[in-house]
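Student: Next up is a structure, given as structure tokens.
The values are calculated or read from the model by the stated rules, or taken from the named source; none is laboratory data. For clarity, every value in this text was computed on a predicted model and none was experimentally measured. Virtual Cβ from ideal backbone geometry, glycine too; neighbours counted across all protein chains shown. Note: accessible area is taken over every heavy atom of the protein model, side chains too, but ligands, DNA and RNA are not part of it. Shrake-Rupley method; radii C 1.70, N 1.55, O 1.52, S 1.80 Å.
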Amino acid sequence: MKRFLPAVAILVLSAVAAWGAPPAGLKLPSARIAILRGPPPVMNGLLTSACWNQATQLTNFVLDQGGPLVRAKDQTVVYLLRGKKALYIGAKCYVRNRRSVSPSDWFEVFIANRRLSVYYHFWVHPSGATGQDGTPGIFLVHKPHWYARVNTTQFDDQWEVEMQIPFSNFDPRSFASDEWRFNACREQINRPHELSEWSNTAGMFATPTRFGRLYGMRGVDFAAKAHFPRPRAGNSDAGAPNYMLLNRSYYTTESTARVKVHLTNRTLKSLGRKVVLKISVANRTGRGVLQQTTSVKAASDLFQRLAISKLPLGKYVVRASLRAGGKVVHFTKTLLKLKPQPGNEVKVNRFSRLILVNGKPFVPIMLEVEMWGDKPSGRNTPADALEKIAEDSGFNTLCLWCGASPGAVAACEKAGLEVVIAPVCGGYGTGQTLTHRLAGMVRKFKKFPNLLGWDIADEGNINGTEKQFQQRYALLKKIDPYHLVFRNDQGWIVGYGGPGGLHSTDIYMGDYGGGQLIDTIERDAVPRGRPAMALQSLISPPEMVRWPTPAEATQWYFNLLVHGAGGAFWWGAHNGDPPIPGFWKAMRRLRAQTRGLLPALDDSRPVKAHVVCDNNHIRFMLRHWPKGGYCLVAVNASRHAQSAAFRLDAARMPGRGTAERLFGHGAVPYTGNRLRLNFPALGHGAYLLKGAAP
């Protein structure tokens, strides 16, 4: 979420196709890639292989800024070669002195298709650490298979990079053309601190409309190509693997823990009839505490209750097994019971995957504010800027990034806002220094009654290795088990997660995606009972050449909700002023509408009624309504007015009734189990289906 960091990456690039066009008069650099003749380069981090002499060279790197082009003081030369099955990239990153190279320096490449609808991003640090992200959901099936090698010791005035990216990583449906879009970029942390690149993007590396043009790419071999599965339909359990969940992330005053065992249809079928479910609870020594056995006659029998009121405080192991004949399916989870901390408990409802603040469901509508002490950053920021944001913006949560002060947290509390603190950023410290900073911040703020949690990472692996992030997560949960850990995870890969993996966060917070990203994350979030959120930029969106409008931001938010997201995060209020006319008003409206939807969002019962829509532009979800009936939430994902017919399941819902508008007045009648609704461009609506069976 840093304004100019190169790993600020991928938003929904379908927007690029709609709006993306270089500013009039902008001349983009172009190059024709050299075809590899003979053996490929030896990947050792040194550009000594003979084939690099054939390569196309990209030179004359300029600073990443608006206005006239300014040549970078420390230059970079990029070498490009194209084999049949892989792209080879070399780079010489020149420096004044080898000792000035920081482990947090970057070299990275951005690759998009000609229409700018699909986007890939690969980066490497001088330490050898690598990462990747891209259009949400592009890495769906396997872990990205590419290589990078770095050498920082051979020369006094440069460090060198070699990258090999097999074309099997790319979506062949989008890249079957001679022209690709390309950029190579570099960040140098130490003096001279420079952000430089081949094609000037005018202030943000991830701006595809300003990528250069790379020719000669037709005819590559996408062998071993990945499959790109369609988004799941129905409720969020569809397509999820076998798993077991406890209904809370931890327990304090609850007398009962509910257990949910989810089995795929394939597993249920393989077990056959006469299935026995056995659940046991043991303490850390392995001594049994609770045990119960149930004959499974219906799916409802897979939901069980455990009486935990008499359990002493501590950590317990919950084991479940389903037996049928000689077949057994096992599950293990941890049950944590803590001393109550009144007025300062934040949990996760693992069934609905909503956040619980002191027992009440909560959907974060969050804004990041970069802080300098008690006020947002910026030399001319008014002294009361944070108070104005807290009181007027409409957001219910602020993320205080790059530090926080007790005064700032207290100002948010006074305005009734929750706070997420990002305790480690600027300067990137490493090792013990960073760990001490993190621990100190947690101890300082963990007792504030409006603390929602911690954001421990930003921009992929910029602040350390994945092992270090897991250590920090463990440290946070040890010092402060009562609050949540958020982490940005870019370029989600099903089964692997983003750069944040699957073991260093309570909230999967995907960067710059929409419903497709949430669908992708949900495949891993559902079995773990963790909310999935997404981010959108308010500073200068990389995929747009203008600000998003309030209508676009509102549509994006509801698109997330209907795909199962537990909240949304906008970043970018650096000077305390609303960046978009009318945006604060739109957020206040979203906040009120979200409160109205909470009864439906918090209901975690499986929805058995089915609704089918005849318009692919309409995204929707169906939830139980606590007072009876159902709540249908739908959003128009297109930029044109749409009409849609919803077919209601006649076996579970009456053929005639009304759909009462939850936002606004009036009702829409329906007959013949067909409900027709009209949506303006980017519009949304929520409807209570009266008379539907609960």
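Student: Going from most exposed to least, what order do ARG595, ARG623, ARG284 have by accessible area with a 1.4 Å probe?
Tutor: In descending accessible area the options line up as ARG284, ARG595, ARG623.
Student: Could you compute the net charge surrounding LEU675? Neighbours are other residues with a C-beta less than 13 Å from the C-beta of LEU675; K and R count +1, D and E count -1.
Tutor: Net local charge, LEU675 excluded: +3.
Student: Collect residues whose amide H, placed 1.01 Å from N in the peptide plane, falls under 5 Å from the amide H of TYR119; neighbours closer than 5 in sequence don't count.
Tutor: Result for TYR119 returns THR135.
Student: Highest mean first, what order results for 157-163, 254-260 on Cβ atoms within 10 Å?
Tutor: 157-163, 254-260
Student: Another one. Excluding LEU36 itself, calculate the net charge of residues whose Cβ lies under 15 Å from the Cβ of LEU36, where each Lys or Arg counts +1 and each Asp or Glu counts -1.
Tutor: My count for the surroundings of LEU36 gives +3.
Student: Now a separate question. Note the angle between two axes, namely the Cα long axis of helix 431-445 and the longest principal axis of the Cα atoms of the chain, as a number of degrees from 0 to 90, rounded to the nearest 10.
Tutor: Value to nearest ten degrees: 40.
Student: Which aspartates and glutamates does LYS627 reach when only Cα atoms under 19 Å apart count, and residues fewer than 8 places away in its own chain are ignored?
Tutor: Candidates past the 8-residue exclusion: ASP602, ASP603, GLU660.
Student: Give me a comma-separated list of calculated 3J(HN,Hα) values for the range 505-511, in order, Karplus coefficients 6.51, -1.76, 1.60 applied at θ = phi - 60°, integers in Hz, x for any Gly or Pro.
Tutor: 7, 9, 10, 7, 10, x, 8
Student: Residue by residue through the range 633-640, what is 3J(HN,Hα) from phi via Karplus (6.51 cos²θ - 1.76 cosθ + 1.60, θ = phi - 60°)? Round to whole Hz and write x for glycine and proline.
Tutor: Once rounded to whole Hz, the list reads 10, 9, 9, 8, 7, 9, 9, 9.
Student: Can you tell me the 0 to 90 degree angle between the C-alpha axis of helix 466-479 and the longest principal axis of the chain, rounded to 10?
Tutor: 40 degrees
Student: How far is helix 550-562 tilted, in degrees, relative to the longest principal axis of the Cα atoms in the chain, given as a value from 0 to 90 rounded to the nearest 10?
Tutor: The helix 550-562 is inclined about 60 degrees to the chain.
Student: Per residue of the range 344-358, what does 6.51 cos²θ - 1.76 cosθ + 1.60 with θ = phi - 60° give for ³J(HN,Hα)? Whole Hz please, x for Gly and Pro, Karplus curve as stated.
Tutor: Those phi angles translate into 8, 10, 10, 10, 10, 7, 6, 7, 8, 6, 9, 6, 10, 10, 6 Hz.
Student: Same structure, new question: Cut-off under 29 Å on the C-alpha distance; same-chain residues fewer than 8 positions from LYS85 excluded. Which lysines are left, in chain and number order?
Tutor: Cross-link targets: LYS143, LYS225.
Student: For all pairs of alpha-carbon atoms in the chain, what percent lies in each bin of width 10 Å, listed from the first bin to the last filled one?
Tutor: Taking all Cα pairs of the chain, the binned fractions are 3, 14, 24, 25, 19, 11, 4, 0 percent.
Student: Of LYS278/LYS337; LYS310/LYS333; LYS260/LYS447, which sit over 29 Å apart, Cα to Cα?
Tutor: Cα-Cα > 29 Å for LYS260/LYS447; rest within.
Student: Tally up the carbon and sulfur contribution to the accessible surface of the chain as a whole percent, 1.4 Å probe, everything protein left in place.
Tutor: For the chain, the apolar C and S fraction of the accessible surface comes to 51 percent.
Student: Which net charge results when you count Lys and Arg as +1 and Asp and Glu as -1 among the other residues whose beta-carbon is under 12 Å from that of PHE182?
Tutor: +3
Student: Same structure, new question: Given H placed on each backbone N at 1.01 Å, which residues far from ALA532 in sequence or on other chains put an amide H within less than 5 Å of it?
Tutor: Correct list: GLY566.
Student: May I ask you to list the aspartates and glutamates whose Cα is less than 20 Å away from that of LYS375, ignoring any residue fewer than eight positions away on the same chain?
Tutor: Excluding near neighbours in sequence, the set is ASP384, GLU387, GLU391, ASP392, GLU413, GLU418, ASP455, ASP577.
Student: Okay, moving on. 5 Å is the cut-off here: which amide hydrogens, built 1.01 Å from N in the peptide plane, fall below it relative to ASP489, excluding neighbours closer than 5 in sequence?
Tutor: Under 5 Å from the amide H of ASP489 lie the amide H atoms of MET509, GLY510, ASP511, each far enough along the sequence or on another chain.
Student: Oh, and also: Quick one: order CYS402, CYS51 from most to least accessible surface, probe 1.4 Å.
Tutor: CYS402, CYS51
Student: Here is a further query. Using the heavy atoms of the protein chains and a 1.4 angstrom probe, tell me the accessible area per residue for the chain in square angstrom.
Tutor: 41 Å²
Student: Still on this structure, please answer the following. Would you work out the charge dipole size for the chain about its Cα centre, treating the Cβ of every Lys and Arg as +1 and the Cβ of every Asp and Glu as -1, and quote it to the nearest 20 debye?
Tutor: Computed charge dipole of the chain: roughly 2820 debye.
Student: Grab the DSSP H runs of the chain that are 4 residues or longer, score each as -39,500 (n - 2.57), total them, divide by all residues and round the 222 nm result to the nearest 500 deg cm²/dmol.
Tutor: When only DSSP H runs of four or more count, the value is -4500 deg cm²/dmol.
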